[in-house]
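The values are calculated or read from the model by the stated rules, or taken from the named source; none is laboratory data. Note that the structure is predicted; figures quoted are calculated from it, not measured. FYI the Cβ positions are ideal-geometry reconstructions off the backbone, even for glycines, and counts take in every protein chain you see. In case anyone asks, the SASA skips ligands and DNA or RNA and just uses the protein heavy atoms, side chains included. Shrake-Rupley method; radii C 1.70, N 1.55, O 1.52, S 1.80 Å.
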Amino acid sequence: MSVRDPSSDGFGRAVTRSGDVPLSKYDLLLAAVPVLLLAGTVGGTTLPLPTTVGTGLGSVVAAILVGYGLFVASPVDGGGGRGGDGRAGE
């Protein structure tokens, strides 16, 4: 029978005494995407430029952040998945 470790949330992140899980940089990157899209849309409606331009600029910045999260600071797989060299875990 396996015993669950109460100091972990099952995803390898430590749980504090109050039960809160600290935010990782990937959580912040995911939260920034809709914020940037909304900021671009609001900027496009309030500034003297077309809404499509504001939304487009927000989406470009959001895409850059997603690319950063995927390719520059990619999450590390802790087990049996593919490693950084593309080979299956051994």
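Determine which member of the set THR52, THR46, THR41 is touching a Ser or Thr at 6+ places or on another chain (Cβ under 6 Å) and modelled with pLDDT of 90 or more.
THR41
One line per residue, one yes/no per condition, for (1) touching a Phe, Trp or Tyr at 6+ places or on another chain (Cβ under 6 Å); (2) part of a loop (DSSP other than H, G, I, E, B); (3) open to solvent by 50 Å² or more (accessible area, probe 1.4 Å); (4) among the small types (Gly, Ala, Ser):
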{"site": "VAL21", "(1), (2), (3), (4)": "no, yes, yes, no"}
{"site": "ALA32", "(1), (2), (3), (4)": "no, no, no, yes"}
{"site": "LEU36", "(1), (2), (3), (4)": "no, no, no, no"}
{"site": "THR45", "(1), (2), (3), (4)": "no, no, yes, no"}
{"site": "THR52", "(1), (2), (3), (4)": "no, no, yes, no"}
{"site": "THR55", "(1), (2), (3), (4)": "no, no, no, no"}
{"site": "ALA62", "(1), (2), (3), (4)": "no, no, no, yes"}
{"site": "VAL66", "(1), (2), (3), (4)": "no, no, yes, no"}
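Checking LYS25 against (1) modelled with pLDDT of 90 or more; (2) under 15 Å from the mean Cα position of the chain (by Cα); (3) open to solvent by 90 Å² or more (accessible area, probe 1.4 Å), only one condition comes out false. Which one?
Of the numbered conditions (1) modelled with pLDDT of 90 or more; (2) under 15 Å from the mean Cα position of the chain (by Cα); (3) open to solvent by 90 Å² or more (accessible area, probe 1.4 Å), the odd one out for LYS25 is (1).
When you go through TYR68, TYR26 one by one, which is the residue that is of a type in the set (Phe, Trp, Tyr) and touching a Pro at 6+ places or on another chain (Cβ under 8 Å)? Show your work before the answer.
Details: TYR68 fails: touching a Pro at 6+ places or on another chain (Cβ under 8 Å).
Within the list TYR68, TYR26, the selection yields TYR26.
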